[in-house]
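Here is the structure we will look at.
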Amino acid sequence: MKQYIMAMDQGTTSCRCILFDGRGEPVSSASKEFRQIYPAPGWVEHDPTDIWSTQIGVAQEAMLKARCTHRNIAAIGITNQRETTVLWDRHTGEPVCNAIVWQCRRTADMADELIARGLTEFFRERTGLPVDAYFSATKLRRMLDSVDGARRRAENGDLLFGTIETWLIWKLTRGRVHVTDYSNASRTMLFNIHSLRWDEDILRELDIPASLLPEAVPSSAHYGDSDPDVFGGPIPICGAAGDQQAALFGHACFAEGEAKNTYGTGCFLLMNTGEKPVRPGGGLLTTVAWGLRGRVVYALEGSVFVAGAAIQWLRDELRLIDTAAESERLAASVEDTGGVYMVPAFVGLGAPYWDPHARGAITGLTRGTGRAHLVRAALESIAYSTADLIAAMEKACGARLKALRADGGASANDFLMQFQADIIGARLMRPACTETTALGAAYLAGLAAGYWADEAEIRKLHGASAAFEPRMPEARREDLLAGWRRAVRSVTRRV
Ligand code: ADP
């Protein structure tokens with residue numbers, strides 16, 4: 001009988017489910033968008049019940065497409081939008097309010113107040129995170145303060161908190177299992193990433209009852225079985241990780257110094273820093289990558305605010321191109337940018353400059369500058385911004401990047417991938433399977449279920465990726481990077 005691993009990929013805008021076979025190939029998938037709720041400017045909510053029914057719907061659809069019953073599924077792995085906060089009644093399973101989504105800014109004042117009280121280092125040392133409304137802590141506190149009776153019910157032990165994987169596992173097991181994996185716990189701003197426990201001092205500081213909190217567990221372990229009613233029979237639930245950490249695992253970045261970058265609207269870069277948490281510099285954060293076989297691996301995480309968005313800008317505002325894909329041919333049609341640099345600081349500069357007031361610039365224009373030079377400069381800016389982030393990570397952890405793995409929409413651009421490899425002076429790999437987030441969840445679950453023996457076996461599945469070797473002479477690389485730094489200096493003093 002054929003057996004697969006089911007990956008549930010619960011994202012910010014859609015629920016997806018993919019069944020993977022033993023070679024890590026997708027054999028069936030289904031996805032469906034669910035409702036976004038915007039009750040006020042800057043506020044974002046999801047209905048947890050809607051997430052649950054949509055996720056189960058796509059899981060059943062993926063099974064149906066592959067003609068599977070529960071017996072064909074060896075294990076379920078879950079990956080999810082991170083930080084999004086759910087609070088529900090442990091007796092009825094009813095959410096006490098909508099989930100507050102990671103993007104929601106409604107608790108920005110609360111975060112500012114914690115910063116004003118001088119608690120930045122207190123939180124950073126324990127959680128690896130800067131104080132921000134993005135993480136779950138202030139969202140949960142807000143629910144306890146603003147929903148009628150919530151605090152009393154919480155203190156009576158009637159309520160449960162969870163991020164999305166916790167909610168899904170609780171629903172899948174009909175309330176028998178209340179757990180969160182370390183990678184998701186590390187995004188709550190309540191979790192001590194050194195002791196791997198909820199931090200009692202933080203709970204006291206924020207007045208959050210410990211009875212609400214799930215048990216923190218490894219990212220790869222048998223948490224329990226799904227209730228037979230859900231899929232017609234029990235399926236072991238064996239893995240969970242936040243989406244970015246799952247992607248790092250899905251790229252098989254198992255060793256220290258291995259990193260992945262997602263080239264989307266912005267970039268999301270995570271670098272495996274091994275078994276000790278690194279103290280991050282400005283604009284970076286430290287997170288648990290995963291817990292596996294009694295060991296915990298940490299990662300540095302940082303983002304580039306504007307990446308693919310710069311290409312969208314060329315297309316939609318400047319109208320230099322008709323499609324994002326066209327940028328590749330144009331960029332390759334010229335030898336270089338002719339000294340032109342684009343600094344796409346549309347919304348400020350991220351790590352390592354961290355200047356929210358900076359704005360964008362195009363420098364080095366001459367009478368000979370053409371459309372292709374500008375398009376090329378925009379693509380190159382994505383690679384430079386990524387290189388800056390990598391340099392900041394290398395400085396923070398004192399180790400060199402070994403190799404970079406790419407995914408996301410803009411990673412389809414071969415010019416960008418080659419230029420990236422050249423400018424960081426390291427090999428860049430792009431996997432054949434672009435579903436790395438779901439794949440990471442599948443790998444974590446498959447390892448705990450014995451479907452794959454170990455990481456070495458998984459690494460072998462990764463043979464078919466495209467590799468871009470650095471081939472730019474060192475002197476040229478130095479010149480280009482010096483030019484980039486001059487361009488950045490023209491928009492910020494923080495160089
Ligand atoms: P997100 O998940 O952030 O919505 P995607 O991973 O879907 O993003 O990637 C979309 C982004 O990638 C867009 O900003 C688009 O401009 C950019 N993009 C897509 N294809 C290409 C390409 N061939 N070359 C450069 N950029 C591209």
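Conditions (1) surrounded by 24 or more Cβ atoms within 10 Å (Cβ to Cβ); (2) within 19 Å of ASP227 (Cβ to Cβ), marked per residue:
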| position | (1), (2) |
| --- | --- |
| LEU144 | no, no |
| VAL147 | no, no |
| THR163 | yes, no |
| GLY175 | no, yes |
| THR180 | yes, no |
| SER183 | yes, no |
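Looking only at region 320-346, which residues are away from the ligand (no atom under 14 Å from the Cβ) and part of a loop (DSSP other than H, G, I, E, B)?
Listed by number, the residues that qualify are SER333, VAL334, GLU335, ASP336, THR337, GLY338, GLY339, VAL340, ALA345.
Quick one: in region 368-387, which of the residues that are within 14 Å of the ligand (Cβ to nearest atom) and not aliphatic (A, V, I, L, M) is farthest from GLN418 (Cα to Cα)?
Here the answer is SER385.
Only one residue in ALA377, ALA399 is touching a residue at least 12 places away in the same chain (Cβ under 8 Å), within 21 Å of ALA475 (Cβ to Cβ) and touching a Gly at 6+ places or on another chain (Cβ under 9 Å). Which one? Walk me through it before giving the result.
Values: ALA399 fails: within 21 Å of ALA475 (Cβ to Cβ).
Of the residues listed, the single one that is touching a residue at least 12 places away in the same chain (Cβ under 8 Å), within 21 Å of ALA475 (Cβ to Cβ) and touching a Gly at 6+ places or on another chain (Cβ under 9 Å) is ALA377.
If VAL101 satisfies all but one of (1) modelled with pLDDT of 95 or more; (2) β-branched (Val, Ile, Thr); (3) farther than 30 Å from GLY450 by Cα; (4) surrounded by fewer than 24 Cβ atoms within 10 Å (Cβ to Cβ), what's the number of the condition it fails?
(1)
Kindly provide the set of residues from region 106-144 that are closer than 13 Å to SER186 by Cα, touching a helix residue (DSSP H, G or I) at 6+ places or on another chain (Cβ under 8 Å) and not in a loop (DSSP other than H, G, I, E, B), ordered by number.
PHE123, ARG126, THR127, ALA137
When the residues of region 249-273 are narrowed to those that are buried (at least 18 other Cβ atoms within 10 Å of the Cβ), small (Gly, Ala, Ser) and more than 16 Å from the ligand (Cβ to nearest atom), which ends up farthest from TYR384 (Cα to Cα)?
The selected residue is ALA252.
Just give me the residues in region 317-358 being buried (at least 18 other Cβ atoms within 10 Å of the Cβ) and among the aromatic types (Phe, Trp, Tyr), in sequence order.
Hits for region 317-358 are TYR341, TYR353.
Could you please give the count of residues in region 388-427 that are in a strand (DSSP E or B) and either within 11 Å of the ligand (Cβ to nearest atom) or small (Gly, Ala, Ser) (or both)? Walk me through it before giving the result.
Going through region 388-427, the residues in a strand (DSSP E or B) turn out to be 403-407.
Pick out the ones that are also either within 11 Å of the ligand (Cβ to nearest atom) or small (Gly, Ala, Ser) (or both) and you get 403, 406-407.
Residues flagged as in a strand (DSSP E or B) and either within 11 Å of the ligand (Cβ to nearest atom) or small (Gly, Ala, Ser) (or both) within region 388-427 amount to 3.
So, in region 191-207, of the ones that are under 26 Å from the mean Cα position of the chain (by Cα) and assigned to a loop (DSSP other than H, G, I, E, B), which residue ends up nearest to ARG117 (Cα to Cα)?
ASP199
Would you mind telling me which numbered condition in (1) buried (at least 18 other Cβ atoms within 10 Å of the Cβ); (2) polar (S, T, N, Q); (3) closer than 22 Å to THR262 by Cβ; (4) over 24 Å from the mean Cα position of the chain (by Cα) SER385 fails?
Of (1) buried (at least 18 other Cβ atoms within 10 Å of the Cβ); (2) polar (S, T, N, Q); (3) closer than 22 Å to THR262 by Cβ; (4) over 24 Å from the mean Cα position of the chain (by Cα), only one is false for SER385: (4).
The values are calculated or read from the model by the stated rules, or taken from the named source; none is laboratory data. Treat the numbers as computed from the prediction; the structure is a model and nothing was measured. Every residue, glycine among them, receives a Cβ derived from its backbone with ideal geometry; neighbour counts consider all protein chains shown.
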